[in-house]
Amino acid sequence: MTTTFKSLTAKSRSAPVRTYRLTVPPLSGIIRPRLVAVCAVLGVGAFFLFCWSLTIGDYPIAFGDVVRALVGSGDPGTVLVVQELRLPRSLVGLLAGIAFGVSGGLFQTMTRNPLASPDMIGLTQGAGTFVVAGIVLGWDGGLGTQALGLLGALTTALLVYALAWRRGTTGYRIILIGIGVAWICTSATDYLVAKGGRFQAQAALGWLVGNLNGRTWSQVGPLAVALAVLLPTALLLGRLLRTLQLGDDVATGLGTRVQPVRLAILLSGVGLIAFATAAAGPIAFVALAAPQIAQRLAGTAWPPTVASGLTGALVVLGGDLIARTLFSGTELPVGIVTGVLGAPVLLWLLVRANRAGSGG
């Protein structure tokens, strides 16, 4: 086996890349050193915040003891507290953050618009409407929040896709239709909350804000299975996803079946956002901000999938740490923190799009 490496520096503002070619087996590709380094740093940071979140509680635990407890060693009482009581919450935050980040990156790349995130085009709101309907009206039929969230997001996505269809779909039409559908779902959710009883409304509102309090293994399992299936799918769609950035005509000329690929990306993103929303609630702005942060850290022309997911995990875990420690004796829902921090990001993206001539 022989391997040759060649440095390639783009004339654009993209980060330098390194190409490789193998003779046996015949394989070639591109390595982006900056992207690899960014993913490594983000991964270490996510692991650090994940372990740090396990140290917080009525029974404080040292960071080193948490790491030992994760592998089943150390004091039995500490192992019990970490693995049975605190681990589910942190795992939901980690996995949901990854799902939000990857889903947002898929939609932003597919539509070629940094504002096209699941919580901007109605998918999160659709999942929320179905879950709230199950809580308030008792229409769950034994399905649970995961199944209701998936059903709501999928129904909303198909509705947006159908309404945006006119001899095919475009990212611009998907965004416009999605914004309208999002407001319809929000209005329906507000009506359901107002119609429900006191305790039902409180349960629905607590979930709608985006909350990691009280997460159990029943939320971890379905979310982990969904990520195990959908993350490899998102990575496999990466090459085809990037051809869509060149425009439908160019992508078709390169051999990409535009509409089937767009539908596959849509379904993958819907699955990720649905299971994450069902487990942790619609945590605001993570799917919008994480891919844009990752793109600027990595210096790529599109939101990188793995870096977007790791950035999402950092945002959710960091937001949860702030929510738990900002006020002594009070644990705020993580969605309040991400909403406060994410609103300036949305305003910055709007101003930037307007200056670039794409803001309308």
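The values are calculated or read from the model by the stated rules, or taken from the named source; none is laboratory data. Computed from a prediction, not measured in an experiment: that's the story for all the values here. Quick reminder, even Gly has a Cβ in these numbers, built from the backbone with ideal geometry, and neighbours come from all protein chains shown. The area values use the complete protein model at the heavy-atom level, side chains included, leaving out ligands, DNA and RNA. Shrake-Rupley method; radii C 1.70, N 1.55, O 1.52, S 1.80 Å.
Give the value in nm², to one decimal: projected area of the alpha carbon convex hull of segment 150-202, averaged over all directions.
The directionally averaged projection comes out at 4.3 nm².
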Asp119, Asp65, reordered so the largest accessible area comes first (probe 1.4 Å)
Asp65, Asp119
With x for Gly and Pro, the residue-by-residue ³J(HN,Hα) of segment 154-162, computed from phi through the Karplus equation 6.51 cos²θ - 1.76 cosθ + 1.60 at θ = phi - 60° and given in whole Hz, is 5, 4, 5, 5, 5, 5, 4, 5, 5
If Lys and Arg each add +1 and Asp and Glu each add -1, what is the summed charge of the other residues whose beta carbon sits under 9 Å from the beta carbon of Ile56?
+2
Work out the length of the dipole vector of segment 82-218 about its Cα centre, built from +1 on the beta-carbon of each Lys and Arg and -1 on the beta-carbon of each Asp and Glu, and round it to the nearest 20 debye.
240
Using DSSP loop states and a limit of at most 15 other Cβ atoms within 10 Å to flag trypsin sites (Lys or Arg not before Pro), what is the longest stretch of the chain containing no flagged site?
14-165
Relative packing of 97-108, 325-336, which averages over residues the other C-beta atoms within 10 Å, highest first
97-108, 325-336
With a sphere of radius 10 Å drawn around the Cβ of Leu240, what net charge do the other residues whose Cβ falls strictly inside it have (Lys, Arg +1; Asp, Glu -1)?
+4
With a bin width of 20 angstrom, please list the P(r) values of the chain as percents of all Cα-Cα pairs, from the 0 bin to the one holding the largest distance.
29, 56, 15, 0
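What per residue convex hull volume, in Å³, comes out for segment 210-306 when only alpha-carbon positions are used?
Details: hull volume 10.1 nm³, N = 97.
It is 105 Å³ per residue.
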For segment 125-273, take N as its residue count and report Rg(C-alpha) divided by 2.2 N^0.38 Å.
1.20
Which whole-number percent gives the relative contact order of segment 234-360, counting Cα pairs below 8 Å spaced six or more residues apart?
19
For the chain, what does -39500 (n - 2.57) per DSSP helix run (n ≥ 4), summed and divided by total residues, give at 222 nm, in deg cm²/dmol to the nearest 500?
-22500 deg cm²/dmol
So, over other residues within a Cβ distance under 14 Å of Tyr172, counting Lys, Arg +1 and Asp, Glu -1, the net charge is +3
Note on the chain: contact order normalised by length, alpha-carbon pairs under 8 Å, 6 or more apart, percent, works out to 25
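Taking only protein heavy atoms into account and a 1.4 Å probe, give the accessible area per residue of segment 127-254 in Å². Mind showing how you got there, number by number?
Values: 6860 Å² over 128 residues.
Per-residue value: 54 Å².
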